[in-house]
Ligand code: SF4
Ligand code: SF4
């Protein structure tokens, strides 16, 4: 589609202003309300509150009615407000050198920074309990700084990686994850349950937990439908930035009634748009994917390439891992199903062999002709090589996923344009 | 003193040429099992009839194959070890046992082997011991140790007898005792940091019997007079010191490194493996709770050791080596630094990578300044001109 400069400018403005999905608005409204309630309950009513890393069995806290946030969710909020540069500098001033990962730590920076009062959604209250992977040293250090109970989780190494893991994860998880590995996670979850019960002042109701674990399964089934619609519709019905925000916004509340209902509304809206041929970019020409992490610091960045080339981003890990990584059927013991759900969570997207096999499957499913890989994702090079071997060009993207200080608009625009013109377009023509 | 020279020369030769002992053993028909990381029990390997050899990263070697497959966020040590595998360094080895901190190396090697690109690679065994005191992990750790034992028995084609295991424990304890004696002499100022690193590090490559003999022989000759009074420094490192670059630079600048918080130096021996417990139980206790590794051994224990050492009145200053590749230690650094500031203990932070030439230049300058400052403040305190 060719446009004159004025049209293009007005189109660009429309794009920037445009939120295509109703659920984007309801999600945001809910989250704000939920977080304001959480702050009130914790700050005014003194309710105990927990902070977790990304691969922690929240379902337990859901069942015990302990309010919590996930560090990386809040970090995403910091990034979206373009405050990641500021808080990254804050950590540097506190002595934490700039090569240390800011991914989860920005949340703590917001908590610790007493000077700047302009914080995302009012800021993070002090937690009573923190649970993350043992490997996340920042959380242990920060929990100690604020005097919170810290429960670390040691993840057993995946000694027998299986390439087609996503085909086995729903029903064959005992074999896939290994009984010995599930056992050791389960033992640690029992410790987490005790620590959480002490804070909640009540005992875990295992039937309620089972309900929650199952509700997560059903929510991910809805995401499975969304993935299918996006993959099979003639053109992309929803912008990827909105999909990513929606998926993660729901995932951080997985197990709640709200999350299930929101996922259903999301599925309905995507389906409605596809059925009615409402495309994110009617001039869609080239379908691209994110490999590894998403560009949270600038979700709107790629709109520019829709206009210029009809290039759309159709796929990221977030929706697909929700579908392929979380579902656990047939559990006798819900705590054991949880142990399996998280024992390899996110690692399967990195581990050489596993990450590539899945990325290739995803690329085919979503009919992509190119991809973008943000540097800093371990295992990324192997995945990029594998995709290139399949004839899918990959741009190795040299910015931090959340740290706004690494962003240089002109340079990065030029890089992407060059990639599309010189690699994607020729590859798509082949 | 030709005898001293002889023993030390032997240790140094094995420290420098790390494949030497392995090649000698192979030439005599010996069978090799390689350990990746310190948290793999040499005792079990010995008791199964193999010679245990540690594989160490050589950062000075170019690593083009690793650079092709492995991301920059993965520690350079992993790049170097992968490169060694790609260059065929392990082809003579019957089994490669990797400890927990090298899980990424395990994944890369396994996948590249699967692709048929590393045909000479020996079988791999992931020994996933979790170095943590929590009760929830005990059963898992016990099973991992038993798994390793069974794997070694399978490779050997015979079970490991209790007598053989006991003998191996006694032998390795002998080497540890000699290392602890060396560390004492070092604190007393009888030996430089660089020489100490070489004498300790050789133990990872030599047969423990040869090693204990050589080290004991060296120590017996070591009672000579103290070296000149030089600022005594403690070294904390975010990265395993598989080399002596830092020691050389600091000692050339006039300091002396009396200990380092690293498994290549002062943290190598730890205590003995108990002979009062059943051997498997004793090994588990040793390797879970008293074996320094790259970054994960009970971190509280690690920091406690450091703080105790740093507080000593005979430590004049602390050098932190936290190169850009660090992803963990830096989170603890501000707290450790604050403690030193409270105690008015001088410290220096080195952030440049000492494996690069510009990093070495920077290191030499910084070390010289730091040592100069410590000397100056001593003179101030003494109230006299030099
Ligand atoms: S038509 Fe589709 S996009 Fe428009 S308001 Fe209705 S659901 Fe939303
Ligand atoms: S075709 Fe795409 S780029 Fe052009 S105006 Fe429509 S949505 Fe925007």
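Every read-out reported here was derived from the displayed coordinates using simple, explicitly stated rules and does not represent laboratory data. Computed from a prediction, not measured in an experiment: that's the story for all the values here. Ideal geometry is used to build each Cβ from the backbone, glycine not excepted, and the neighbour counts take in all protein chains shown.
Here are a few things to note about the model shown:
- Between the beta carbons of residue B:229 and residue B:356, assuming R0 = 35 Å, the FRET efficiency works out to 0.60 to the nearest 0.05.
- Counted over the stretch B:195-293 with a bin width of 5 Å, the fraction of Cα pairs per bin, in whole percents, is 2, 11, 17, 19, 20, 16, 8, 4, 2, 0.
- Taken along the Cα-to-beta-carbon direction at a fixed 7 Å, the label points for residue A:277 and residue B:114 span 4.3 nm.
- Shielding by partners, peptide A:178-187 (average Cβ within 10 angstrom, other chains): 3
- Averaged over the residues of peptide B:67-74, the number of Cβ atoms from other protein chains lying within 10 Å of each residue's Cβ is 6.
- Spacing of the two label points (7 Å from each Cα toward its C-beta) at residue B:343 and residue A:144, in nm: 1.5
- Shown is the FRET efficiency for residue B:147 and residue B:365, computed with R0 = 56 Å from the Cβ-Cβ distance and rounded to the nearest 0.05: 0.70.
- Helix A:354-365 and the longest principal axis of the Cα set of chain A meet at an angle near 50°.
- A simple spin-label model places pseudo-atoms 7 Å from Cα toward Cβ; at residue A:126 and residue B:24 they are separated by 6.1 nm.
- Stretching the chain fully between residue A:82 and residue A:167 yields a gain of 26.8 nm (0.36 nm per residue, less the alpha carbon separation).
- Computed extension length for residue B:304-residue B:16: 100.5 nm, one decimal, from 0.36 nm per residue of separation with the Cα-Cα distance subtracted.
- Cα shape, the stretch A:279-400, gyration tensor, a/c 1.5 rule: prolate
- Centre separation in Å (Cα based) which lies between the stretch B:81-132 and the stretch B:39-55: 16
- Using distinct alpha-carbon pairs, which all enter the 1/r mean, Kirkwood radius of the protein assembly as shown in Å: 28.8
- Label point at residue A:116 placed 7 Å out along Cα→Cβ; residues across the stretch A:57-93 whose backbone nitrogen lies under 18 Å: A:72-93
- Highest mean packing comes first when the peptides B:31-44, A:63-76 are listed by Cβ atoms within 10 Å, giving B:31-44, A:63-76.
- Degrees, to the nearest 10: B:138-156 long Cα axis against longest axis of chain B: 60
- For chain B, the longest principal axis of the C-alpha atoms and the axis of helix B:162-187 are separated by about 10°.
- Shielding by other protein chains, B:148-160, mean Cβ within 10 Å: 0
- Remark: the Cα gyration tensor places the stretch A:109-247 in the oblate category, a/c being 1.5 or greater and a/b not exceeding b/c.
- Report summary: the helix-based calculation at 222 nm, which adds -39500 (n - 2.57) for every DSSP H run with n ≥ 4 and divides by the residues of chain B, gives -16000 deg cm²/dmol.
- Applying 1/(1 + (r/R0)^6) with R0 = 22 Å to the Cβ-Cβ distance of residue A:367 and residue A:221 gives a FRET efficiency near 0.45.
- Hydrodynamic radius by Kirkwood, which averages 1/r over all alpha carbon pairs of the stretch A:331-418, in angstrom: 15.0
- Equivalent ellipsoid semi-axes, chain A, via Cα gyration tensor eigenvalues times 5, rooted, Å: 34, 25, 21
- Relative packing of B:180-187, B:240-247, which averages over residues the other C-beta atoms within 10 Å, highest first: B:240-247, B:180-187
- Most tightly packed first, judged by the mean number of other beta-carbon atoms within 10 Å of their residues, the peptides B:106-112, A:223-229, A:151-157 read B:106-112, A:151-157, A:223-229.
- The stretch A:22-158 shape via C-alpha gyration tensor axes, a/c threshold 1.5: rounded
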